């Protein structure tokens with residue numbers, strides 16, 4: 001049985017690249033907000049403040065509408081991305097299949113003629129005008145079965161150089177003992193108040209930016 005080489009090469013034919021280009025140019029992902037047909041220019045408007053609770057309720061409603069629009073745009077974008085991926089992956093699969101056939105054919109030829117190609121094993125690489133092929137050993141690799149039993153055996157034999165211990169700071173333990181932990185140089189326990197908005201028709205909560213919550 002000849003070895004199978006897994007080689008991934010990304011290539012898109014001219015016809016498929018045109019399909020992708022046409023798909024992008026004709027896409028109406030966001031209507032007037034389509035970032036493919038306009039330059040991105042996002043400027044933060046001056047902060048608006050509701051005059052009363054009725055207007056505050058309208059703010060909440062508009063937040064919900066804007067968030068739904070974000071989700072709709074994101075979903076349309078993802079649909080187009082999946083279509084583009086399908087076009088590319090079809091081409092990739094065809095090219096990889098052909099490459100696999102060629103590599104396996106070369107491997108079969110090389111194994112059949114190994115003695116003459118390597119001059120009786122004196123060399124492992126065959127050089128041709130268009131490239132090289134040959135044999136090489138892979139780097140040593142450790143394979144483990146039943147790690148728990150292996151660890152017990154290592155400890156029993158005193159071969160602790162084969163055990164690596166990772167040290168890391170336990171933040172959860174520090175939070176449980178804030179006063180003690182905060183005495184350590186470089187450690188600070190922080191907490192802040194944030195402003196939270198939750199439109200009634202959304203499942204998510206939105207927090208105000210730090211600058212807005214501080215009144216700056």
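Restricting attention to the range 177-197, the residues that are in a loop (DSSP other than H, G, I, E, B) and either without any contact (Cβ under 8 Å) to a residue 12 or more places away in the chain or more than 30 Å from residue 58 (Cβ to Cβ) (or both) add up to 12.
Can you pull out every residue in the range 102-125 that is without any contact (Cβ under 8 Å) to a residue 60 or more places away in the chain, surrounded by 11 or more Cβ atoms within 10 Å (Cβ to Cβ) and assigned to a helix (DSSP H, G or I)? First the steps, then the outcome.
Narrowing the range 102-125 to residues without any contact (Cβ under 8 Å) to a residue 60 or more places away in the chain: 102, 105-106, 109-110, 112-125.
Those left that are additionally surrounded by 11 or more Cβ atoms within 10 Å (Cβ to Cβ): 102, 105-106, 109-110, 112-114, 117-118, 123-125.
Those that are without any contact (Cβ under 8 Å) to a residue 60 or more places away in the chain, surrounded by 11 or more Cβ atoms within 10 Å (Cβ to Cβ) and assigned to a helix (DSSP H, G or I): 102, 105, 106, 109, 110, 112, 114, 117.
When residue 42 is tested against the conditions (1) modelled with pLDDT of 90 or more; (2) assigned to a loop (DSSP other than H, G, I, E, B), the lone failure is (1).
Taken over the range 126-149, the residue count meeting the criterion of being closer than 19 Å to residue 104 by Cβ and surrounded by 10 or more Cβ atoms within 10 Å (Cβ to Cβ) is 4.
Identify, please: which residue in the range 200-216 is in a loop (DSSP other than H, G, I, E, B) and touching a strand residue (DSSP E or B) at 6+ places or on another chain (Cβ under 8 Å) and is, among those, modelled with the highest pLDDT? Please lay out each step first, then the result.
Step one: list which residues in the range 200-216 are in a loop (DSSP other than H, G, I, E, B), which gives 200-205, 208-209, 214-216.
Keeping just the survivors that are touching a strand residue (DSSP E or B) at 6+ places or on another chain (Cβ under 8 Å) gives 205, 208.
Details: 205: 89, 208: 82.
Looking at the filtered set, the residue picked out is 205.
Being farther than 30 Å from residue 206 by Cβ and touching a strand residue (DSSP E or B) at 6+ places or on another chain (Cβ under 7 Å) is a description that applies to residue 133. Residue 195 fulfils the conditions (1) farther than 25 Å from residue 66 by Cβ; (2) touching a helix residue (DSSP H, G or I) at 6+ places or on another chain (Cβ under 7 Å); (3) surrounded by 10 or more Cβ atoms within 10 Å (Cβ to Cβ) except for a single criterion, (1).
The values are calculated or read from the model by the stated rules, or taken from the named source; none is laboratory data. Since this is a predicted model, take the numbers as computed values, not measurements. Note: ideal-geometry Cβ built from the backbone for every residue, glycine included; neighbour counts use all protein chains shown.
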